[in-house]
């Protein structure tokens, strides 16, 4: 999924969209097919968010394993 600008949405963009979808589903005013499509989009967004968070966690782990150049020898 890309934004209107043709870029991959940020984690924050995805979370906002997911919150919007959840609110719409909770209202219960969508027709069945629309609700199913919204649910499907929400599942994909949630998976994307989890993947981004895993990637960030791995980056932090790698950075914490780097030698600390500020410590005296």
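Rule-based calculations on the coordinates, nothing more; no lab input. As the structure is a prediction and not an experimental result, all values here were calculated from the model. Cβ coordinates were reconstructed from backbone atoms using ideal geometry, including for glycine residues, and neighbour counts include every protein chain displayed.
For helix 11-27, report the angle its Cα long axis makes with the longest principal axis of the Cα atoms of the chain; keep it between 0 and 90° and round to the nearest 10°.
30
Could you work out the helix-only [θ] at 222 nm for the chain, with each DSSP H run of four or more residues adding -39,500 (n - 2.57) and the total divided by the number of residues, to the nearest 500 deg cm²/dmol? The partial results should precede the final answer.
Details: 2 runs with 51 residues, N = 73.
Value at 222 nm, helices only, nearest 500: -25000 deg cm²/dmol.
May I ask you to sort 16, 52 by Cβ crowding, counting other Cβ atoms within 10 Å and putting the fewest first? Provide the component values of the computation, followed by the final result.
Numbers: 16 13, 52 16.
Final ranking by Cβ density, sparse to dense: 16, 52.
Nearest 10 degrees, 0 to 90: what angle lies between the long axis of helix 32-65 and the longest principal axis of the chain (Cα atoms)?
Its long axis makes an angle of about 0 degrees.
When a/c reaches 1.5 or more, the comparison of a/b and b/c decides; with that in mind, is the chain rounded, prolate or oblate per its Cα gyration tensor?
On the way: a/c = 4.08, a/b = 3.09, b/c = 1.32.
It comes out prolate by the Cα gyration axes.
What ranking do 61-69, 36-44, 21-29 get when scored by the average of other Cβ atoms within 10 Å per residue, highest first?
Working: 61-69: 7.2, 36-44: 13.7, 21-29: 11.9.
Put in order of decreasing packing, that is 36-44, 21-29, 61-69.
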